[in-house]
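Peer 1: Please see the structure below; I have some questions.
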Amino acid sequence: MNLTLKIWRQKNAKEAGNLVTYQVKDISEDMSFLEMFDVLNEQLVHKGEEPIAFDHDCREGICGMCSMFINGRAHGPAQGTTTCQLHMRKFKDGDTIVVEPWRARAFPVVKDLIVDRSAFDRVISSGGFISVNTGNAKDANNIPVPKQDADNAFAAAACIGCGACVAACKNSSAMLFVSAKVSQLALLPQGAIERESRVLNMVKQMDEEGFGNCTNTYACEAECPKEISVENIARMNREYLRANLK
Amino acid sequence: MTKLDSKIPEGPLETKWTHYKSTIPLVNPSNKRSMEVIIVGSGLAGASAASSLAELGYQVKCFCFQDSPRRAHSIAAQGGINAAKNYQNDGDSTFRLFYDTVKGGDYRSREGNVYRLAEVSANIIDQCVAQGVPFAREYGGYLSNRSFGGTQVQRTFYAAGQTGQQLLLGAYSGLERQVGLGTVKMYSRHEMLEIVVIDGKARGIIARDLISGKLERHFGHAVLLCSGGYGNVFYLSTNAMGSNVTAAWKAHRRGALFGNPCFTQIHPTCIPVSGDHQSKLTLMSESLRNDGRIWVPKKKDDSRKPVDIPEEERDYYLERRYPAFGNLVPRDVASRAAKERCDAGYGVGTSKMAVYLDFAFNTLRYGKVEANKRSIHNPSQEELKKLGQEVIKEKYGNLFEMYEKITGENPYEMPMRIYPAVHYTMGGLWVDYELMTTVPGLYSLGEANFSDHGANRLGASALMQGLADGYFVIPYTIGSYLSKDISTKAIPTDHAAFMDAEKNAQERLDKLMNIKGTKSADHFHKKLGKVMWDKCGMARNEKGLTEAISEIRAIREEFWKDLRIPGTQNELNTELEKAGRVADFLELGELMCQDALLRKESCGGHFREESQTPDGEAKRDDDNFSYVAAWEFKDAGKWELHKEELIFDIVHPTQRSYK
Ligand SMILES: Cc1cc2nc3c(=O)[nH]c(=O)nc-3n(C[C@H](O)[C@H](O)[C@H](O)COP(=O)(O)OP(=O)(O)OC[C@H]3O[C@@H](n4cnc5c(N)ncnc54)[C@H](O)[C@@H]3O)c2cc1C
Ligand code: SF4
Ligand code: FES
């Protein structure tokens with residue numbers, strides 16, 4: 001198929017960017033969206049132009065590195081799918097596709113489609129852990145965990161830290177990401193000990209990073225490639241309230 | 001000449017590690033605070049080492065090329081992690097895990113190392129659970145296990161199909177905790193480009209800030225390379241796009257020997273290449289072979305749909321060749337057999353480089369069981385199929401979905417098409433028992449080193465090794481070196497050695513930028529990958545390897561004449577990053593072929609066509625090749641071989657058979 005692409009080009013964090021139009025031809029429907037970008041970049045290099053910078057690594061939908069805003073949707077049109085797992089059979093010959101980076105105050109653009117998501121790392125380092133040093137642990141089966149809690153914790157832990165929830169939200173809220181980690185650890189007996197300080201610290205850091213407030217539009221859940229549930233947000237709100245009451 | 005001393009402690013196997021730990025010199029806490037350690041890599045090995053060393057009091061600097069340490073390729077591991085917990089009461093023990101691993105490695109690993117690995121395996125699970133890693137559990141709340149890779153006990157711990165992700169996020173949370181405490185400084189989007197050696201000891205690195213393009217000098221009393229495997233030398237592999245050999249290769253060029261470079265693991269069940277655009281390959285878990293039957297048509301170029309090919313015109317070649325193990329033969333055997341059929345012209349799909357993995361037979365079988373369970377009498381074929389599909393969905397639903405996303409085909413109705421793909425590299429930097437390379441103060445952990453897996457890695461053991469190295473081995477062994485180094489003050493980074501190393505890195509970048517040729521880095525990478533795959537892949541022979549060496553040299557020459565990198569050095573430049581990695585792969589590829597050429601035996605993942613039994617199976621040659629091949633870099637295209645003899649006191653090597 002032949003496609004028209006309108007892609008955000010921005011030289012670096014300081015300069016302004018704009019959409020640039022490119023044509024690609026003979027795209028096979030078996031290609032992934034990123035392989036289509038490979039074809040375009042190969043063309044650009046051939047012409048001596050700078051290829052489009054975009055983040056990607058595993059190309060299996062698990063590392064959370066890929067991050068494209070495609071036709072107005074984080075990770076594009078397919079439900080529960082990262083950009084790297086989106087395939088061209090979702091598009092038609094002659095389509096025009098607009099590709100932009102994640103947009104959020106807390107995720108400044110680095111170059112073209114690459115943004116800086118280090119705010120997420122700082123939120124985790126403010127409390128997204130259990131304080132256990134190597135060697136402290138006792139036999140693993142000394143901490144039985146009800147299967148239901150373990151399964152819920154696992155579902156929350158499936159978050160890949162991609163930031164699509166922030167990009168999809170009109171307020172650029174990071175609630176889904178932060179609540180997934182808070183939930184995972186609060187649900188487990190190992191994590192319960194620090195649950196109050198954890199939620200307070202993580203929410204504080206989240207606010208400091210410039211993420212917006214949550215107004216319950218649920219756009220995050222709809223665009224999350226791992227289908228993380230907004231129930232986690234409710235759980236985090238309860239955790240937060242509980243910690244403040246103490 | 002470098003002398004290889006594996007430093008395996010004296011004494012009985014069972015007490016070597018305990019004895020070692022209780023007798024090594026220690027570094028006192030106040031001295032630790034003034035000692036700095038550089039860690040390159042934030043995967044399971046790097047992240048676990050970083051947090052553990054920081055907890056002990058060392059000042060740590062950790063580097064990764066991704067935008068966050070959480071994205072290291074360990075994240076992609078699916079199946080599980082082994083540990084000798086014996087929670088299932090099925091007879092597992094440290095000794096059994098040790099034995100299985102030495103045998104699985106086709107007797108090309110060190111007994112002392114492997115025993116230690118088995119010994120600390122149980123602590124890993126304890127540590128991870130304490131961190132909040134959500135492993136699968138039974139209804140009673142206790143941890144669940146499954147069997148993996150043909151072992152006879154259930155010792156594999158898992159978190160659905162996302163074990164690597166959950167383990168890495170656990171290690172990452174420990175790392176981020178130390179970042180918050182100020183004991184680890186994290187350098188994301190940084191790539192290590194040089195090792196700094198002063199008076200024969202590793203004292204730092206040169207790293208490029210991938211956003212600004214600037215080179216930086218970093219001092220460390222010791223340097224740990226935890227930079228992962230080099231499977232991407234084949235261009236197509238199950239590794240992430242950025243996985244590379246650069247860190248290990250720079251160390252190799254500075255004097256660290258490279259162990260068993262040709263030992264590569266090729267996984268039999270991956271989604272096949274769909275066209276020239278292919279950028280990477282995706283694994284389909286090995287567990288599918290429990291219910292899928294592998295076949296190709298008996299007739300060449302049979303273009304009928306698989307469902308239209310009648311039973312008697314199908315060749316279930318694994319069942320035919322290996323009646324005892326059938327579809328469950330080990331990875332290396334299954335991979336080679338698929339290649340043999342495709343090379344002979346029986347492959348399927350548009351590329352003809354694939355075989356069928358067919359669930360129809362077992363779908364019906366499950367359907368019958370279900371029908372009986374539900375007392376449905378005389379069910380129709382359609383009913384049986386539907387009932388069976390429900391069972392298959394419950395077992396493999398997410399894999400079937402992933403397959404459909406990638407191929408656009410529905411594997412419930414049509415057999416999957418699969419083909420082997422490069423998956424893991426057993427070779428890597430040579431290290432001794434303390435995980436130190438031949439450069440004092442330079443260590444290597446995880447997939448980047450060569451230790452523990454011999455010529456073939458068993459499933460679910462790479463995660464175990466990475467975490468063993470980082471959590472439980474290096475915190476002890478590094479003390480034995482640093483305790484002698486407490487009087488060394490931090491060396492200022494304007495020292496001549498730092499300036500030299502930086503100049504080296506700079507010159508290399510300049511050289512790459514200044515070629516100004518016509519072809520992209522990918523162009524050369526694909527060419528190299530094809531040579532490696534065809535001639536140093538699943539089956540190797542003297543003629544092919546000799547040709548490969550000259551072909552790789554020619555590609556390398558062309559690369560340095562005709563490479564094109566648009567843009568400049570002083571900015572984020574993904575083409576420059578790629579080019580640097582491809583340049584190193586072009587040197588490594590040649591060494592892999594040299595190593596494969598020299599090893600005239602077949603063992604594990606290394607199959608030399610000249611060394612087979614009369615019925616076409618791999619034949620080891622213990623009399624001549626029971627050694628680790630450790631290569632010393634002399635000059636581009638020139639190496640000197642050192643041999644570390646392998647001694648088996650406990651497990652006695654035998655030939656494997658699956659007939
Ligand atoms: C698809 C897949 C499935 C797998 N499934 C399993 C399984 O079920 N069980 C199992 O046991 N094993 C499995 N493995 C193998 C296992 O995942 C890996 O061997 C292991 O995770 C490697 O960990 P590591 O820490 O050594 O390296 P990695 O996780 O690859 O980390 C490498 C780190 O080094 C950094 N780095 C590299 N080069 C540089 C440089 N020059 N400068 C700065 N930083 C650098 C990277 O940024 C990264 O942080 C699987 C592998 C794959 C590919
Ligand atoms: S919650 Fe979903 S969208 Fe947000 S970071 Fe996690 S995986 Fe991405
Ligand atoms: S590249 Fe890893 S999730 Fe898309």
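The values are calculated or read from the model by the stated rules, or taken from the named source; none is laboratory data. This is a predicted model, so every value here is computed, not measured. We place every Cβ from the backbone using ideal geometry, glycine too, and count neighbours over all the protein chains shown. Side chains included, ligands, DNA and RNA excluded: accessible areas come from the protein's heavy atoms. Shrake-Rupley method; radii C 1.70, N 1.55, O 1.52, S 1.80 Å.
Peer 1: Would you mind stating whether A:Ile70 is β-branched (Val, Ile, Thr), touching a helix residue (DSSP H, G or I) at 6+ places or on another chain (Cβ under 8 Å) and more than 10 Å from chain B (Cβ to nearest Cβ)?
Peer 2: Values: β-branched (Val, Ile, Thr): yes; touching a helix residue (DSSP H, G or I) at 6+ places or on another chain (Cβ under 8 Å): yes; more than 10 Å from chain B (Cβ to nearest Cβ): yes.
Taking the combined requirement at face value, the residue satisfies it.
Peer 1: Filter segment A:232-246 down to the residues that are without any contact (Cβ under 8 Å) to a residue 24 or more places away in the chain and charged (D, E, K, R) and list them by number.
Peer 2: A:Arg238
Peer 1: So, in segment B:133-179, of the ones that are assigned to a strand (DSSP E or B) and of a type in the set (D, E, K, R), which residue ends up nearest to the other protein chains (Cβ to nearest Cβ)? First the steps, then the outcome.
Peer 2: Of all residues in segment B:133-179, those assigned to a strand (DSSP E or B) come to B:137, B:143, B:146, B:156-157.
Next cut, of a type in the set (D, E, K, R) only: B:137, B:146.
Values: B:Arg137: 4, B:Arg146: 16 Å.
The qualifying residue nearest to the other protein chains (Cβ to nearest Cβ) is B:Arg137.
Peer 1: I'm told A:Lys138 meets every condition in (1) surrounded by fewer than 16 Cβ atoms within 10 Å (Cβ to Cβ); (2) more than 8 Å from chain B (Cβ to nearest Cβ); (3) assigned to a loop (DSSP other than H, G, I, E, B) except one. Can you identify the failing condition by its number?
Peer 2: In the conditions (1) surrounded by fewer than 16 Cβ atoms within 10 Å (Cβ to Cβ); (2) more than 8 Å from chain B (Cβ to nearest Cβ); (3) assigned to a loop (DSSP other than H, G, I, E, B), A:Lys138 misses (2) alone.
Peer 1: I would also like to ask the following. Within the set of pairs 6+ apart or on separate chains, which have a first residue in segment B:70-90 that is under 15 Å from B:Ala136 (Cβ atoms) and assigned to a loop (DSSP other than H, G, I, E, B), a second that is within 11 Å of ligand 3 (Cβ to nearest atom) and among the hydroxyl-bearing types (Ser, Thr, Tyr), and C-beta atoms under 6 Å apart?
Peer 2: none
Peer 1: Quick one: which of A:Pro225, A:Pro189 is at pLDDT 95 or above and within 16 Å of ligand 3 (Cβ to nearest atom)?
Peer 2: On the way: A:Pro189 fails: within 16 Å of ligand 3 (Cβ to nearest atom).
Sole residue among the options that is at pLDDT 95 or above and within 16 Å of ligand 3 (Cβ to nearest atom): A:Pro225.
Peer 1: Would you point out the residue of segment B:194-229, among those that are closer than 30 Å to B:Asn260 by Cα, open to solvent by 30 Å² or more (accessible area, probe 1.4 Å) and not in a loop (DSSP other than H, G, I, E, B), that is nearest to the other protein chains (Cβ to nearest Cβ)?
Peer 2: B:Lys201
Peer 1: Now for a different question. For segment B:400-409, check the following and say yes or no: at least one residue is more than 14 Å from chain A (Cβ to nearest Cβ) and either open to solvent by less than 60 Å² (accessible area, probe 1.4 Å) or at pLDDT 95 or above (or both). Can you show your working first?
Peer 2: At the first step, the residues of segment B:400-409 found to be more than 14 Å from chain A (Cβ to nearest Cβ) are B:400.
Next, only the ones that are either open to solvent by less than 60 Å² (accessible area, probe 1.4 Å) or at pLDDT 95 or above (or both) stay: B:400.
Within segment B:400-409, one or more residues are more than 14 Å from chain A (Cβ to nearest Cβ) and either open to solvent by less than 60 Å² (accessible area, probe 1.4 Å) or at pLDDT 95 or above (or both).
Peer 1: Working only within segment A:121-135, note down all residues that are more than 7 Å from every other protein chain (Cβ to nearest Cβ) and either among the aliphatic types (A, V, I, L, M) or assigned to a helix (DSSP H, G or I) (or both).
Peer 2: Let us first name the residues in segment A:121-135 that are more than 7 Å from every other protein chain (Cβ to nearest Cβ), namely A:122-123, A:127, A:135.
The answer is A:Arg122, A:Val123.
Peer 1: Working only within segment B:37-65, note down all residues that are within 13 Å of chain A (Cβ to nearest Cβ) and either surrounded by fewer than 24 Cβ atoms within 10 Å (Cβ to Cβ) or of a type in the set (Lys, Arg) (or both).
Peer 2: B:Glu55, B:Leu56, B:Gly57
Peer 1: What pairs come up if the first residue lies in segment A:153-167 and is facing chain B (nearest Cβ under 10 Å) and more than 14 Å from A:Ile124 (Cβ to Cβ), the second is of a type in the set (Lys, Arg) and near ligand 2 (Cβ under 6 Å from one of its atoms), and their beta carbons are under 7 Å apart, counting only those six or more places apart or on different chains?
Peer 2: These pairs meet every condition: A:Ala158/A:Lys226.
Peer 1: Looking at segment A:88-120 only, could you name the residues that are part of a helix (DSSP H, G or I), within 30 Å of B:Tyr471 (Cα to Cα) and either within 8 Å of chain B (Cβ to nearest Cβ) or touching a Leu at 6+ places or on another chain (Cβ under 8 Å) (or both)?
Peer 2: A:Ser118, A:Phe120
Peer 1: Search segment A:42-64 for residues being more than 20 Å from B:His277 (Cβ to Cβ) and within 16 Å of ligand 1 (Cβ to nearest atom), and hand back the single one that is surrounded by the most Cβ atoms within 10 Å (Cβ to Cβ).
Peer 2: Residue satisfying both the conditions and the ranking: A:Cys63.
Peer 1: If I ask for residues that are within 14 Å of another protein chain (Cβ to nearest Cβ) and either within 16 Å of ligand 1 (Cβ to nearest atom) or open to solvent by 30 Å² or more (accessible area, probe 1.4 Å) (or both), which ones from segment A:168-186 would you list?
Peer 2: The answer is A:Lys181, and nothing else.
Peer 1: Looking only at segment B:230-276, count every residue that is away from chain A (no Cβ under 14 Å) and in a loop (DSSP other than H, G, I, E, B) and tell me the total.
Peer 2: 10
Peer 1: Still on this structure, please answer the following. Give me the residue from segment B:464-512 that is within 14 Å of chain A (Cβ to nearest Cβ) and open to solvent by 20 Å² or more (accessible area, probe 1.4 Å) and, out of that set, farthest from ligand 3 (Cβ to nearest atom).
Peer 2: Only one residue fits best here, namely B:Tyr476.
Peer 1: Take the conditions at the interface with chain B (Cβ under 7 Å from one of its Cβ atoms) and closer than 22 Å to B:Asn573 by Cα and apply them to A:Asn12. Does it pass? Show your work before the answer.
Peer 2: Working: at the interface with chain B (Cβ under 7 Å from one of its Cβ atoms): yes; closer than 22 Å to B:Asn573 by Cα: yes.
Spelling it out, A:Asn12 is indeed at the interface with chain B (Cβ under 7 Å from one of its Cβ atoms) and closer than 22 Å to B:Asn573 by Cα.
Peer 1: Sticking with this structure for a sec: Look at segment B:494-521 and say how many of its residues are within 10 Å of B:Leu563 (Cα to Cα) and either more than 29 Å from the chain's Cα centre (by Cα) or assigned to a helix (DSSP H, G or I) (or both). Explain how you work it out, then say what you get.
Peer 2: Pass one, segment B:494-521, residues within 10 Å of B:Leu563 (Cα to Cα): B:512-521.
Restricting the remaining residues to those that are either more than 29 Å from the chain's Cα centre (by Cα) or assigned to a helix (DSSP H, G or I) (or both) gives B:512-519, B:521.
Adding up the residues that qualify gives 9.
Peer 1: Quick one: B:Tyr419 ticks every box in (1) out of contact with any Cys (no Cβ under 7 Å at 6 or more places or on another chain); (2) open to solvent by 10 Å² or more (accessible area, probe 1.4 Å); (3) closer than 27 Å to B:Leu328 by Cα; (4) not basic (Lys, Arg) except a single one, so which number is it?
Peer 2: Here B:Tyr419 meets the rest and fails (1).
Peer 1: Looking at A:Val39 and the list (1) without any contact (Cβ under 8 Å) to a residue 60 or more places away in the chain; (2) under 22 Å from A:Lys226 (Cβ atoms); (3) open to solvent by 10 Å² or more (accessible area, probe 1.4 Å), which single condition is not satisfied?
Peer 2: Failed condition: (2).
Peer 1: Checking A:Asp151 against (1) open to solvent by less than 20 Å² (accessible area, probe 1.4 Å); (2) within 28 Å of the chain's Cα centre (by Cα), which single condition isn't satisfied?
Peer 2: A:Asp151 satisfies every listed condition except (1).
Peer 1: Residue by residue through segment A:187-226, note down the ones that are more than 16 Å from ligand 2 (Cβ to nearest atom), in contact (Cβ under 8 Å) with a residue 60 or more places away in the chain and open to solvent by less than 50 Å² (accessible area, probe 1.4 Å).
Peer 2: Of everything in segment A:187-226, those that are more than 16 Å from ligand 2 (Cβ to nearest atom), in contact (Cβ under 8 Å) with a residue 60 or more places away in the chain and open to solvent by less than 50 Å² (accessible area, probe 1.4 Å) turn out to be A:Gln190, A:Gly191, A:Glu194, A:Arg198, A:Val199, A:Gly210.
Peer 1: Which of the residues spanning segment A:65-78 are open to solvent by 20 Å² or more (accessible area, probe 1.4 Å) and touching a Pro at 6+ places or on another chain (Cβ under 9 Å)?
Peer 2: Start the filter on segment A:65-78 by keeping residues that are open to solvent by 20 Å² or more (accessible area, probe 1.4 Å), which leaves A:69, A:71-73, A:77.
Matches in segment A:65-78: A:Phe69, A:Asn71.
Peer 1: In this structure, is A:Ala164 more than 17 Å from A:Ile130 (Cβ to Cβ), within 14 Å of ligand 2 (Cβ to nearest atom) and either open to solvent by 10 Å² or more (accessible area, probe 1.4 Å) or not aliphatic (A, V, I, L, M) (or both)?
Peer 2: Working: more than 17 Å from A:Ile130 (Cβ to Cβ): yes; within 14 Å of ligand 2 (Cβ to nearest atom): yes; either open to solvent by 10 Å² or more (accessible area, probe 1.4 Å) or not aliphatic (A, V, I, L, M) (or both): no.
No, not satisfied.
Peer 1: Still on this model: Of the residues in segment A:42-51, how many are farther than 15 Å from B:Ala521 by Cβ and either in contact (Cβ under 8 Å) with a residue 60 or more places away in the chain or within 7 Å of another protein chain (Cβ to nearest Cβ) (or both)?
Peer 2: 1
Peer 1: Could you tell me which of the residues B:Arg137, B:Arg155 is charged (D, E, K, R) and open to solvent by less than 10 Å² (accessible area, probe 1.4 Å)? Explain how you work it out, then say what you get.
Peer 2: Details: B:Arg137 fails: open to solvent by less than 10 Å² (accessible area, probe 1.4 Å).
Within the list B:Arg137, B:Arg155, the selection yields B:Arg155.
Peer 1: Just the residues that are within 16 Å of ligand 2 (Cβ to nearest atom), not hydrophobic (A, V, I, L, M, F, W, C) and not in a loop (DSSP other than H, G, I, E, B), please, taken from segment A:41-87.
Peer 2: Within segment A:41-87, A:Arg73, A:Thr83, A:Gln85 qualify.
Peer 1: How many of the residues in segment B:555-599 are part of a helix (DSSP H, G or I), open to solvent by 30 Å² or more (accessible area, probe 1.4 Å) and over 16 Å from B:Asp522 (Cα atoms)?
Peer 2: The total comes to 3.
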